[in-house]
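Trainee: Handing you a structure now.
The values are calculated or read from the model by the stated rules, or taken from the named source; none is laboratory data. Fair warning: this is a prediction, and the values are worked out from it, not measured in the lab. Cβ: placed from backbone, ideal geometry, glycine included. Neighbour counts: every protein chain shown.
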Amino acid sequence: MSITVRLLFLLLVIGNVGFFIANGVVDEYQRDDFPAEFVFGSGTSAYQVEGAVLEDGRSFSIWDTFAHSGYYNGANGDVACDGYHKYKEDIQLMADTGLEAFRFSISWSRLIPNGSGSVNAKGLQYYNNFINELLSHGIQPHVTLFHDDLPQILEDEYGGWISRKAVKDYLAYVDICFREFGDRILHWTTFNEANVFSLGGYDVGFTPPGRCSSPFGFGNCTNGGNSSYEPYLVTHHLLLAHASAVRLYRKKYKGRQHGFVGINVFAYWFEPYTNTMEDLKATQRAHDFYLGWFLNPLVNGDYPETVKKNAGNRIPSFTKLESERIKGSFDFFGINHYTTLQVKDNPSSLENDIRDFMADMAVTLIFSGTEIPPTQFLVEPLGLQNLLNYLKEEYGNPPIYIHENGQVQPRNGTLIDTPRVEYLRAYTGALLDALRLLVSQDMQSLYRNGSNTRGYFVWSFLDLFELMDGYKSGYGLYYVDLNDKELTRYPKLSAHWYTSFLKGQNISQDDIFLKLDAKDSSSSSH
């Protein structure tokens, strides 16, 4: 390891506090500066980490089918990180890292291979073992019930989430989860990135199940679909399913299990491209479409007016009873946030006779001056602060969990992931600023920012099978060597930083340098 890298390492992780410069801000903090009840963790999901796709009774999900269709150029989650067999080793790593909580998903097709009906005993045993292992290490389990992986048999039978039949089957599935695991699970999330599932899977077609229609879809849209209508229909069914699950839990389980049920959405922070009234209105419209599409019904009982107006008769309406049941059907919102985008008004898209969700939004999204997404997220932590403040002001300061936040990098075997450390350090600092008691500029008064955020989860614990590009990129604190038949896990610089932060203790530099040096000589071959 070079002297330059060693010096950079020391600047980033030595001692109890860290150092970063982002947007001109310098800050220092440690774990004890956060509320004691605030939880820090990390996460994965079933298809991305478990592998063992046809083992012990599991059946294919729509993500299996999507991966095997060739979207990832031959890559798939058949083995992934082999988490199904290596879960004890991984949970020990979590404990060693100092995780206070861990977010994972249950594979519907592993628990109920036929989509409905009988429970797979071996799948049930696996998740019981996994949960018990977490608890035995003092790690709080947070469960996602659906993470892009509907059993393929239900997709084949009636079209999956484009059919209202999926609501009934989903409710039966979550009822089993609540019954079997609820004595040990306090935090349930009904859907992961529900808005991305609707858009990626049914508008542009680059996520499971890959449905879309020309000219909006990504690729050839060979799986069928209707990009103009299906995203709105699927979202409608997801919201009905979510509300039904919350109602079931509150009526049947909450009295004795005392848990909480929420939903997860993906959230950019949007800034206007210019200060013109047109771009300011477009920015609010982007918030309404990306966030309000799901959160407005849950808080207010209906979709935002802008969404209903621009989508017209392509967006379903809630009945009065449905609206009453959906309104207030959450205990928290899970937020996945990575970066900030600029918004430019694009009214001409509304002139098209055939439109999809993006055209209805009537904006152009700008990534730091370009419409082409960067290969690595810029460090813009004020975006997270602004997002949390927006959620507070717009939706009544609901309980929030940051379920995903992290830095993407090429998966090339390097353990010196300095950009990830800088990113995580900056965003957790911004999170603290959104929580803590602040001093006003005139130093004459105190005020509380007041974000009701309860936890923060780094995405991801391991380098795993990523939704967008398989094994080409990684977000992990730990590198998984795919060229090693044992799929050995190696801690990156970011894992050491997170451990130091969570445990509030000094790092033994000699130990870390020895570990990194041992891997450094061979990492270039991966």
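Trainee: Would you please name the residue that is farthest from T189 (Cα to Cα), looking only at residues in region 259-282 that are in a helix (DSSP H, G or I) and of a type in the set (D, E, K, R)?
Mentor: Taking region 259-282 and keeping what is in a helix (DSSP H, G or I), we get 277-282.
From the residues that got through so far, the ones that are of a type in the set (D, E, K, R) too are 278-279, 281.
Numbers: E278: 36, D279: 34, K281: 32 Å.
Restricting to residues being in a helix (DSSP H, G or I) and of a type in the set (D, E, K, R), the top hit is E278.
Trainee: All but one of (1) aliphatic (A, V, I, L, M); (2) surrounded by 24 or more Cβ atoms within 10 Å (Cβ to Cβ); (3) part of a loop (DSSP other than H, G, I, E, B) hold for L199, so report the exception by its number.
Mentor: (3)
Trainee: Can you tell which of G98, G160, G83 is surrounded by 22 or more Cβ atoms within 10 Å (Cβ to Cβ), modelled with pLDDT of 95 or more and on the phi > 0 side of the Ramachandran plot?
Mentor: On the way: G98 fails: surrounded by 22 or more Cβ atoms within 10 Å (Cβ to Cβ); G83 fails: on the phi > 0 side of the Ramachandran plot.
One residue alone meets the criteria, G160.
Trainee: Still on this model: Output the residues belonging to region 251-307 that are in contact with an Asp or Glu (Cβ under 9 Å, 6 or more places away or on another chain), under 30 Å from G182 (Cβ atoms) and of a type in the set (A, V, I, L, M, F, W, C).
Mentor: F260, V261, V265, F266, L291, L295, V299
Trainee: Still on this model: Working only within region 456-468, note down all residues that are modelled with pLDDT of 95 or more and not in a strand (DSSP E or B).
Mentor: Going residue by residue through region 456-468, those that are modelled with pLDDT of 95 or more are 456-467.
Answer for region 456-468, where residues must be modelled with pLDDT of 95 or more and not in a strand (DSSP E or B): S460, F461, D463, L464, F465, L467.
Trainee: Can you tell me how many residues within region 426-447 are at pLDDT 55 or above and either out of contact with any Pro (no Cβ under 8 Å at 6 or more places or on another chain) or of a type in the set (A, V, I, L, M, F, W, C) (or both)?
Mentor: First pass over region 426-447, keeping only residues at pLDDT 55 or above: 426-436.
When the remaining residues are screened for being either out of contact with any Pro (no Cβ under 8 Å at 6 or more places or on another chain) or of a type in the set (A, V, I, L, M, F, W, C) (or both), the result is 426, 428, 430-436.
Residues flagged as at pLDDT 55 or above and either out of contact with any Pro (no Cβ under 8 Å at 6 or more places or on another chain) or of a type in the set (A, V, I, L, M, F, W, C) (or both) within region 426-447 amount to 9.
Trainee: Condition check: under 23 Å from the mean Cα position of the chain (by Cα) and more than 17 Å from L341 (Cα to Cα). Does G255 satisfy that? Lay out the reasoning, then the answer.
Mentor: Details: under 23 Å from the mean Cα position of the chain (by Cα): no; more than 17 Å from L341 (Cα to Cα): yes.
Spelling it out, it is not the case that G255 is under 23 Å from the mean Cα position of the chain (by Cα) and more than 17 Å from L341 (Cα to Cα).
Trainee: Filter region 39-53 for residues that are part of a loop (DSSP other than H, G, I, E, B) and among the polar types (S, T, N, Q) and give the result.
Mentor: Within region 39-53, T44, S45 meet the criteria.
Trainee: Return the pair list, or none, for Cβ contacts closer than 9 Å from residues in region 405-429 that are within 13 Å of W497 (Cα to Cα) to residues that are among the hydroxyl-bearing types (S, T, Y) and part of a loop (DSSP other than H, G, I, E, B), at least 6 apart or on different chains.
Mentor: What qualifies is R420/Y475; T428/Y29.
Trainee: Being among the β-branched types (V, I, T), surrounded by 19 or more Cβ atoms within 10 Å (Cβ to Cβ) and closer than 21 Å to H142 by Cβ is true for just one of T190, T235, T207. Which residue is that? Spell out the reasoning first.
Mentor: Working: T235 fails: closer than 21 Å to H142 by Cβ; T207 fails: closer than 21 Å to H142 by Cβ.
Answer to the selection: T190.
Trainee: Any residue at all in region 131-138 that is part of a helix (DSSP H, G or I) and closer than 28 Å to A67 by Cα?
Mentor: Yes, some residue in region 131-138 is part of a helix (DSSP H, G or I) and closer than 28 Å to A67 by Cα.
Trainee: Another question about this same structure. Among the candidates T235, T276, which residue alone is among the hydroxyl-bearing types (S, T, Y), within 22 Å of E351 (Cβ to Cβ) and touching a residue at least 40 places away in the same chain (Cβ under 8 Å)? Explain how you work it out, then say what you get.
Mentor: Details: T235 fails: within 22 Å of E351 (Cβ to Cβ).
Going through T235, T276 in turn, just one is among the hydroxyl-bearing types (S, T, Y), within 22 Å of E351 (Cβ to Cβ) and touching a residue at least 40 places away in the same chain (Cβ under 8 Å): T276.
Trainee: V234: touching a helix residue (DSSP H, G or I) at 6+ places or on another chain (Cβ under 6 Å), within 18 Å of P297 (Cβ to Cβ) and either in a loop (DSSP other than H, G, I, E, B) or not basic (K, R) (or both), yes or no?
Mentor: Against the criterion (touching a helix residue (DSSP H, G or I) at 6+ places or on another chain (Cβ under 6 Å), within 18 Å of P297 (Cβ to Cβ) and either in a loop (DSSP other than H, G, I, E, B) or not basic (K, R) (or both)), V234 qualifies.
Trainee: When you check R184 against the structure, is it part of a loop (DSSP other than H, G, I, E, B), without any contact (Cβ under 8 Å) to a residue 60 or more places away in the chain, of a type outside the set (A, V, I, L, M) and buried (at least 17 other Cβ atoms within 10 Å of the Cβ), yes or no?
Mentor: On the way: part of a loop (DSSP other than H, G, I, E, B): yes; without any contact (Cβ under 8 Å) to a residue 60 or more places away in the chain: yes; of a type outside the set (A, V, I, L, M): yes; buried (at least 17 other Cβ atoms within 10 Å of the Cβ): no.
In short, no.
Trainee: Would you mention how many residues in region 94-129 are under 23 Å from the mean Cα position of the chain (by Cα) and either closer than 21 Å to G455 by Cα or assigned to a loop (DSSP other than H, G, I, E, B) (or both)?
Mentor: The number of residues fulfilling the criteria is 13.
Trainee: Residue under question is G413, and the condition is that it be at pLDDT below 95 and in contact with a strand residue (DSSP E or B) (Cβ under 6 Å, 6 or more places away or on another chain); does it hold?
Mentor: Working: at pLDDT below 95: yes; in contact with a strand residue (DSSP E or B) (Cβ under 6 Å, 6 or more places away or on another chain): no.
Against the criterion (at pLDDT below 95 and in contact with a strand residue (DSSP E or B) (Cβ under 6 Å, 6 or more places away or on another chain)), G413 does not qualify.
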